[in-house]
1. Once phi is turned into θ = phi - 60°, what whole-Hz ³J(HN,Hα) does the Karplus curve with 6.51, -1.76 and 1.60 give for every residue of segment 316-324, x standing for Gly and Pro?
2. Shape of segment 48-287 from its Cα gyration tensor (a ≥ b ≥ c, root eigenvalues): rounded if a/c is under 1.5, otherwise prolate when a/b > b/c, or oblate?
3. Cα to Cα, under 19 Å, and not fewer than 8 places away if on the same chain: which aspartates and glutamates meet these conditions relative to K337?
4. Can you put M27, M381 in order, fewest other beta carbons within 10 Å first?
5. Quick check: net charge around W126, other residues with Cβ under 10 Å of its Cβ, Lys/Arg +1 and Asp/Glu -1?
6. Find the relative contact order for segment 286-400 and round it to a whole percent, using C-alpha pairs within less than 8 Å whose residues are 6+ positions apart.
7. Straight-line reach only, C-alpha to C-alpha below 18 angstrom: list the lysines that K241 could link to, leaving out same-chain residues fewer than 8 apart.
8. By DSSP, what percent of the beta bridges with both residues in the chain are antiparallel, rounded to the nearest 5?
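Taken together, the values in this text are just the output of simple stated rules run on the coordinates, not laboratory data. On a predicted model such as this, the values are computed, not experimentally measured, just so you know. Methodologically, a virtual Cβ is constructed for each residue, glycine included, from the backbone with ideal geometry; neighbour enumeration extends over all protein chains shown.
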Amino acid sequence: MRVKIANRAKSIKPSPTLAVSAKANEMKAAGIDVINLGVGEPDFNTPEYIKEAGKKAIDDNFTRYTATPGILPLREAICEKFRKDNGLDYKPSQILVSPGAKASIINVLMTICNPRDQVFIPDPYWVSYTSQVEMVDALPVLLSTSESANFKITADQLEKAIEKSSTPKALIINSPDNPTGCMYSEQELQEIGEVCVKHGLLIISDEIYEKLVYDGQKHVSIATISEEIKDHTIVVNGVSKAYAMTGWRLGYAAGNAEIISTAGRIQAHTTSNVCSITQKASLTAITEDDGSVEKMRVEFEKRRNKLVKDLIQIPKVTCFKPQGAFYTMPNVSYYIKNNKHGIEDSIELCAYLLEKYHIALVPGLAFGVDGFVRFSFATSMENINKGVERLAAGLRALME
Ligand SMILES: Cc1ncc(COP(=O)(O)O)c(C=O)c1O
């Protein structure tokens, strides 16, 4: 074929998390007992009351195009959710419902970024942020963090990076965070928010893991800190993680009416409205509560406690205790630096662990940092226990 792929498309890397799952599934299909610890979705089923609403939408023939930004009752319910959960006041015209939070983020990036605009992203980062920024011809600027600083950026660090940039445009912040599970405090968010306001940056606040927080903490949305910060923030959230609805595909963005309506115009020419059935099911998910969300959260917290306790028993492994989401990033750098098997980075380590010990983990390098692996606890306690045993055995064997 003589048609050449565009440079923009060529530079996009495949999603490493999906690649790990695909390889693990291939091995499973070949009869190998693989434990997949790379998954990025709850292992629970969508709660019954939500599924019933989806079935009813089909039976009621609610199966046609809807308004592009989402049906009004859903956008009203999202406004009510913001008022109730976050103390944030938005009008339905400030809400855009999209096919997943992933779509919400790229819609916003398409709306605000000109070529070569810089978008600041804490490192380690969720894999799609950098790719999405590149897809709109903007430039991701990584802000490095460290395990000892709980994987968080500081306002000072952000300000220094902005001052070096000629085209600063936005900051993407994710709290609770994938892949580290860190959470920003109100004070930290205030300092970061004030820097963004001072330099005229848009804050894209990805709050998809809002409902999954542990140790009795409360999630704080950066948009609640002040009116000025709220005005500079687009809050992104969705139903995937909180309600175990990853396959239904619904996320939403809230904020400045001009940005939201322009993003809506983009969506009108790409995906149009989110599946009408999904919208009805999500309306029920958001407005009703049968206790399943809390049950899932409690189970995630139990798994996290056991997992971190066991991981730090492995010699030379340290592990930041995640405060939210369902991932943890044990530090295995000792084994990468000192092994006798020629393994030189987290990608090679994960390939070895999958092949020889049949556990699928995502290499830290996929998220921008080496020396770590991401362990998802969105799987059964039995799998978690077996996974840690296999990881310990695999690491031990590397030193022999
Ligand atoms: C940090 C983060 N943001 C957004 C998403 C995407 O969510 P959705 O399923 O709503 O597109 C994910 C999914 O893995 C995520 O981890």
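1. 6, 9, 10, 8, 5, 7, x, 9, x
2. Details: a/c = 1.91, a/b = 1.53, b/c = 1.25.
In terms of gyration-tensor shape, prolate.
3. By straight Cα distance, K337 reaches E147, D345, E348, D370, E400.
4. Working: M27 17, M381 13.
Lowest to highest Cβ neighbour count: M381, M27.
5. Its environment carries a net charge of -1.
6. On the way: 149 pairs, mean separation 30.2, N = 115.
Value for segment 286-400: 26 percent.
7. Those lysines meeting the cut-off are K51, K81, K102, K211, K218, K280, K295, K302.
8. Numbers: 15 of 35 bridges.
Of all bridge pairs located within the chain, approximately 45 percent are antiparallel.
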